Each structure stands twice: as C-alpha cells, then as structure tokens.
Amino acid sequence: MTVTIAVAPHPLLEVGAFVTRLSAPLGDLSWTADHAGDPADAPAALATLGDEVRAAVRALLRHGGYKPSGRGKPASEYLVQAAAEGRFPAVNPAVDVCNHVSLHSGLPVSVIDLDLVAPPLTIAVCAPGTTYVFNPSGQTIDAGGLCALTDVSGPCGTPVKDAQRTKTHAATRVLLSIVWGTRALDGRTAAATRWYRTLAATIPGATIEDVARR
C-alpha cells in the first residue's frame, strides 16, 4: 500500500521522502556507513557545504517562528560537529545511512519506523505549545513553529530531533525517510534524496518505494 503524506503549503520547505522495506528485522542486518563509499562519490550538486547551506537550513526552521540554536539546532549541524570531534554516531543500518547523507548534504534527515505511526500523515509547521518526547529518558522538545511530520498522536520526526515513540529499533522492518530541504538551495533536496535512495538500497534485502503527496 502506497504511503501518502499531506504536505501543507510552505514558501521554503522542500521535502524528499521515500519508504524502505527490509527483508529482515533491522537488528539482524549488517551494514555500516562505510558501505556507502567515499563522501567524494556524493553527487556534484552536494559538493558545496558551509555557511550558505547552514544559513539556508536555519532560515527554513525560523520561518514558522522556531529558534534553531543550542540544543534545538538542526540535526545536520550536530552531525558536522560530531564528525569533527571524532564521535560520529553509529546506531543501526537505517540511522547510519540517514546520518551519512545528512552529514554530506548539510540537510536534516529523519528516519522513522513506519509501523509505529498512525495515519493520516501530515507535514506542516507545529502550532505554538507543541511538545514531544525525543529520547528514552523522557526529555521533551518545544516544537512550536518547527516543521514536522505528524500522525494522529503528534510529531514523529522533525529537522531537529525525531520522536522517541517512532524511532527505529531492532525489530523495525519498514522505514519512512524525510529529507528536510529548502527551495533556497536549488536542486539540493532532489540530489540528496536520490543519493539517499541509492544508498538505502544497498542495505541487504532493502526495497525502495515512492511516497505519494497531496
């Protein structure tokens, strides 16, 4: 069954989305970001990083009134800092390939367990006062003004942190990936999404499916 997401109008947001179905539980698979190859093999459209990309992503998040700073900065910025400090996270094949693409494209990326969401799915700016739990210890983030993928229970994934309740785990079999791009970076979202799909397909037993939008 094709996954459908309703994307609310937004002057800057440019979304890349696809589904990955696995032939075995995620915890049984062996894949690391090393399998993705040299970052130099990334599409030419993603070659330029730096302040321009960082500023454009922050402008995207600010548009709805969210303040992307401190612990609430874009996830892509966290990965750049972690890589520079030699502590790039290794979680599982789904999260690792997601982080690899985010690091080298400069765009935030979400990956969630599709079996843990309850449709309908929507991407829109969160209303003031929206909060959700983002880690096992129960810490919450104020997502007011932040772009988010939501289901009937609230935010599932955002450009900052994904919700704990829909995160991947050892038994995950179906993944929904969202690239949080911006129209201010012409062609970057499409290039990052194509590359991400190609890399996700290298996970053993993975099949890739399109997402319908309305």
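Can you find a residue in the range 95-108 that is over 16 Å from the mean Cα position of the chain (by Cα) and either at pLDDT 95 or above or surrounded by fewer than 22 Cβ atoms within 10 Å (Cβ to Cβ) (or both)?
Within the range 95-108, none of the residues are over 16 Å from the mean Cα position of the chain (by Cα) and either at pLDDT 95 or above or surrounded by fewer than 22 Cβ atoms within 10 Å (Cβ to Cβ) (or both).
Looking at the range 138-158, which of its residues are within 15 Å of Pro74 (Cα to Cα) and in a loop (DSSP other than H, G, I, E, B)?
Ala143, Gly144, Gly145, Leu146, Thr158
Select, from Ala171, Ala127, the only residue that is at pLDDT 95 or above, surrounded by fewer than 16 Cβ atoms within 10 Å (Cβ to Cβ) and in contact with a strand residue (DSSP E or B) (Cβ under 9 Å, 6 or more places away or on another chain).
The match here is Ala171.
Hey, among the residues in the range 168-188 that are assigned to a strand (DSSP E or B) and of a type in the set (A, V, I, L, M, F, W, C), which one's farthest from the chain's Cα centre (by Cα)?
My answer is Val174.
Kindly evaluate Thr202 against the criterion of being in a loop (DSSP other than H, G, I, E, B) and touching an Asp or Glu at 6+ places or on another chain (Cβ under 6 Å).
no
Just checking, how many residues over the range 1-35 are of a type in the set (Phe, Trp, Tyr) and at pLDDT below 95? Reasoning before the result, please.
Step one: filter the range 1-35 for residues of a type in the set (Phe, Trp, Tyr), giving 18, 31.
When the remaining residues are screened for being at pLDDT below 95, the result is 31.
Residues that pass the stated criteria total 1.
For Asp142, which of the numbered conditions (1) within 15 Å of Leu61 (Cα to Cα); (2) buried (at least 24 other Cβ atoms within 10 Å of the Cβ) fails to hold?
Single failed check for Asp142: (2).
Please verify whether Val91 is surrounded by 18 or more Cβ atoms within 10 Å (Cβ to Cβ) and within 16 Å of the chain's Cα centre (by Cα), treating the condition exactly as stated.
no
Quick check on the range 66-76: of everything there that is farther than 16 Å from Ala192 by Cα and assigned to a helix (DSSP H, G or I), which residue is modelled with the highest pLDDT?
Gly72
As an exercise: evaluate Lys161 against (1) within 20 Å of Arg58 (Cβ to Cβ); (2) not in a loop (DSSP other than H, G, I, E, B) and give the number of the one condition it does not meet.
(2)
Looking only at the range 89-137, count every residue that is assigned to a loop (DSSP other than H, G, I, E, B), more than 18 Å from Leu29 (Cα to Cα) and without any contact (Cβ under 8 Å) to a residue 24 or more places away in the chain and tell me the total.
Counting residues in the range 89-137 that are assigned to a loop (DSSP other than H, G, I, E, B), more than 18 Å from Leu29 (Cα to Cα) and without any contact (Cβ under 8 Å) to a residue 24 or more places away in the chain gives 3.
For the range 173-190, state whether one or more residues are among the small types (Gly, Ala, Ser) and farther than 20 Å from Leu13 by Cβ.
No, the range 173-190 contains no residue that is among the small types (Gly, Ala, Ser) and farther than 20 Å from Leu13 by Cβ.
The values are calculated or read from the model by the stated rules, or taken from the named source; none is laboratory data. Quick caveat, the model's predicted, so the values are computed rather than measured. Reconstructed Cβ throughout: ideal geometry from the backbone, glycine too, with neighbour counts over all protein chains shown.
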